[in-house]
Amino acid sequence: MLSKIDHIVVLMLENRSFDSMAGRLYDPQNPAPFNQVPRNQPFEGLAGKNLSNPISVGETEADNI
């Protein structure tokens, strides 16, 4: 099977909002306690929260500043 594979392509896209909010969360280079997942607790991140910032038709971002 591996002999039939000619190329492997890895596509990586940027998600700046996630990186800004949680990209360094649990980074081992951060000082304690920010470098570890809390014991017996799953990482929930932004689950269950509505953090949208909709713009109505005809508006621009500048209208909402």
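Some observations on this one:
- Put in order of Cβ neighbour count within 10 Å, fewest first, the listed residues I5, I55 become I5, I55.
- For the pair N40 and H7, the difference between a 0.36 nm per residue extended length and the Cα-Cα distance amounts to 7.8 nm.
Coordinate-derived values only; no laboratory data. The structure displayed is predicted, hence computed values, not measured ones. We place every Cβ from the backbone using ideal geometry, glycine too, and count neighbours over all the protein chains shown.
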